[in-house]
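Chemist: Starting off with a structure, shown below.
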Amino acid sequence: MSGKSRLTYLNGRGRMESIRWLLAAAGVEFEEVYLETKEQYDKLIKDGFLLFQQVPLVEIDGMKMVQTRAIMSYIAGKYNLHGKDLKERALIDMYVEGVSDLMQMILMFPFSPPDAKEKNLESIKERATNRYFPVFEKVLKQHGQDFLVGNKFSWADVMLMEAILAVEEKVPAVLSGFPQLQVFKTKMSNMPTIKKFLQPGSPRKPPPDAHYVETVLKVFK
Amino acid sequence: MAGKPKLHYTKGRGKMESIRWLLAAAGVEFEEEFIETKEDLEKLRNDGVLLFQQVPMVEIDGMRMVQTRAILSYIAAKYNLYGKDLKERAWIDMYVEGTTDLMGMIMYLHFQPADTKEKNLALIIERATTRYFPVYEKALKDHGQDYLVGNKLSWADVHLLEAILMVEECKPDVLSAFPLLQAFKGRISNIPTIKKFLQPGSQRKPPTDEKFVAVVRKIFNI
């Protein structure tokens, strides 16, 4: 079956959002199927679509791919966003994994018990400003290039851009100590495919709200 | 600087064990420097050698690599354990992510409150026997080959063997309903490099015990 890739997930960010970002940044159009009920999810499992009974699911190039990292690695490889050789790939992978750890904190945040929310928000802010953003600020400063790896747009740049915006939604002034990242954010925003993704009406999903949390708990019990 | 890769971690399995397995399977000799105290970790951090202030860290081919998956991916590709093309790599990645999730549950088991251990252990066995092992059993059944992907030893096979042995430590007869995985286990264990790693005196680390948990808690403040 040739044609557009098809994404199956909830109508919200979750673990699928990074995949949406990467496909969009690569200029790849895709379709989406939204899970709204437990019955829909159970049917997917029963029909044998989900290798480990989990979503995200991305139907691409005749495969039913699951596991977020596997999916993103495939997309990055296919669309030349994974570096030119093994060493560039290693750097991209390290950067992506670091950003992923930060994004994981943001992913879990809406599901924190109310009395832990303030503490968790503080952790996100602390990790972003003390552990993750300084690394990328330094990388950009040291080579003076527009992109993180190999002077070429890659998966690492897309993940970092997504993370910057996600953290800014919670901590608006988070980039105040990071001039290189501010420039990076502007440059990424102006790349045609990313610019398009950042406009209203794109497949980009809004920040998780109470309804989204409710749907997650309902569908995945 | 050519020379053996050097692994920086605590003297136990944790997140480094899969890396030890893969290097060993690839026949690559490596050195280890063990973090024994909080001060050891602080020194690595202060020396600026940990990109995100975390271990595992592996010095390899002039790089100080961090992030377990990045390290494993690099080793797999370097030693031709990552399939022959993008699609084989995709399958290897999917399979490895599955075994990673399963082994992750076992890793965290030791750090959960004592009164949840029994429940969590039951969940691990349930997941192993209903979510993960059936997938690999079916993969082997469908193609009838010796290895999971592309009729050739890959990272996915090494990782699956590691996972099988780990779950068996929790429940020795866990493979009773999985004849092909039993045969797989026998076959992969007999590969010379892996056989060597499974022998006493290798760099394979023993199962996590209370003592190791206490050391880890102290070093990492958790």
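A short reminder: the numbers here are calculations on the coordinates, not readings from a lab. Quantities reported herein were computed from a predicted structural model and do not represent experimental measurements. Virtual Cβ from ideal backbone geometry, glycine too; neighbours counted across all protein chains shown.
Chemist: Suppose a student asked you for the relative contact order of the stretch A:1-136, using Cα pairs under 8 Å spaced at least 6 residues apart; what percent would you report?
Modeler: It rounds to 21 percent for the stretch A:1-136.
Chemist: Suppose only helical runs count, i.e. DSSP H with n ≥ 4. What mean residue ellipticity at 222 nm does that imply for the protein assembly as shown under -39500 (n - 2.57) per run, divided by all residues and rounded to the nearest 500 deg cm²/dmol?
Modeler: Calculated from helices alone, the mean residue ellipticity at 222 nm is -16500 deg cm²/dmol.
Chemist: If one computes the Cα centroid of the stretch A:4-63 and of the stretch B:82-102, what distance in Å separates the two points?
Modeler: Value for the Cα centre distance between the two parts: 18 Å.
Chemist: Just to confirm the filter: which chymotrypsin sites (Phe, Trp or Tyr not before Pro) across the stretch B:62-149 are DSSP coil and have at most 13 other Cβ within 10 angstrom of their Cβ?
Modeler: Details: sites: B:TYR74, B:TYR79, B:TYR82, B:TRP91, B:TYR95, B:TYR108, B:PHE111, B:TYR132, B:TYR136, B:TYR147; in loops: B:TYR79, B:TYR82, B:PHE111, B:TYR147.
Here the sparse-neighbourhood loop sites are B:PHE111.
Chemist: Using 0.36 nm times the number of residues separating B:LYS4 and B:GLU39, minus their current alpha carbon distance, what extension gain do you get?
Modeler: Once the chain is fully extended between B:LYS4 and B:GLU39, it gains 10.1 nm.
Chemist: Another question about this same structure. Report, ordered by chain and residue number, the aspartates and glutamates lying within cross-link reach of B:LYS196, taken as a straight Cα distance under 15 Å and ignoring same-chain residues fewer than 8 apart.
Modeler: B:LYS196 reaches B:GLU29, B:GLU162.
Chemist: Taking the Cα centre of the protein assembly as shown as the origin, how large is its charge dipole in debye, to the nearest 20, when only Lys and Arg (+1) and Asp and Glu (-1) carry charge on their Cβ atoms? Before the final figure, lay out the partial values.
Modeler: Working: 63 positive and 57 negative charges, 85 e Å.
The calculation lands at about 400 debye.
Chemist: In a Gaussian network model over chain B where Cα atoms closer than 10 Å are linked, find which of B:ALA183, B:ALA24, B:ALA139 has the largest mean-square fluctuation.
Modeler: Among B:ALA183, B:ALA24, B:ALA139, the largest GNM mean-square fluctuation belongs to B:ALA183.
Chemist: How crowded by other chains is B:74-82, given as the mean number of beta carbons from other chains within 10 Å of each beta carbon?
Modeler: Shielding by partners across B:74-82 averages 2.
Chemist: What average number of partner chain Cβ atoms lie no more than 10 Å from the Cβ of the residues making up A:45-52?
Modeler: Averaged over the peptide's residues, the number is 3.
Chemist: Can you tell which of B:LEU44, B:LEU86, B:LEU165 shows the greatest fluctuation in a Gaussian network model of chain B with Cα springs below 10 Å?
Modeler: Result: B:LEU86 has the largest fluctuation of those listed.
Chemist: Continuing with this model, one more query. Where does the stretch B:17-162 land on Rg(C-alpha)/(2.2 N^0.38 Å)?
Modeler: The value comes to 1.19.
Chemist: Let me ask you something else. What's the average, rounded to a whole number, of partner chain beta-carbon atoms within 10 Å of each residue's beta-carbon in A:85-91? Present the calculation step by step, with values, prior to reporting the outcome.
Modeler: Values: counts 1, 6, 5, 0, 4, 12, 5.
Average per residue, whole number: 5.
Chemist: Cross-link candidates for B:LYS6: which lysines have Cα within less than 18 Å, leaving aside residues fewer than 8 places away along the same chain?
Modeler: A:LYS87, B:LYS15, B:LYS43, B:LYS78, B:LYS205
Chemist: From the square roots a ≥ b ≥ c of the eigenvalues of the alpha-carbon gyration tensor of the protein assembly as shown, which class results: rounded (a/c under 1.5), prolate (a/b over b/c), or oblate? Write out the running numbers ahead of the final one.
Modeler: Working: a/c = 1.39, a/b = 1.17, b/c = 1.18.
It is rounded, given that a/c, with a ≥ b ≥ c, falls under 1.5.
Chemist: Let me ask you something else. Along the principal axes of its C-alpha atoms, what lengths does chain A span, in descending order and rounded to whole Å?
Modeler: Principal axes ranked by extent give 52, 47, 31 Å for the Cα atoms.
Chemist: As an exercise, use a Förster radius of 25 Å and the Cβ-Cβ distance of A:LYS46 and A:PHE111 to find the FRET efficiency, rounded to the nearest 0.05.
Modeler: That pair, A:LYS46 with A:PHE111, gives E of 0.40.
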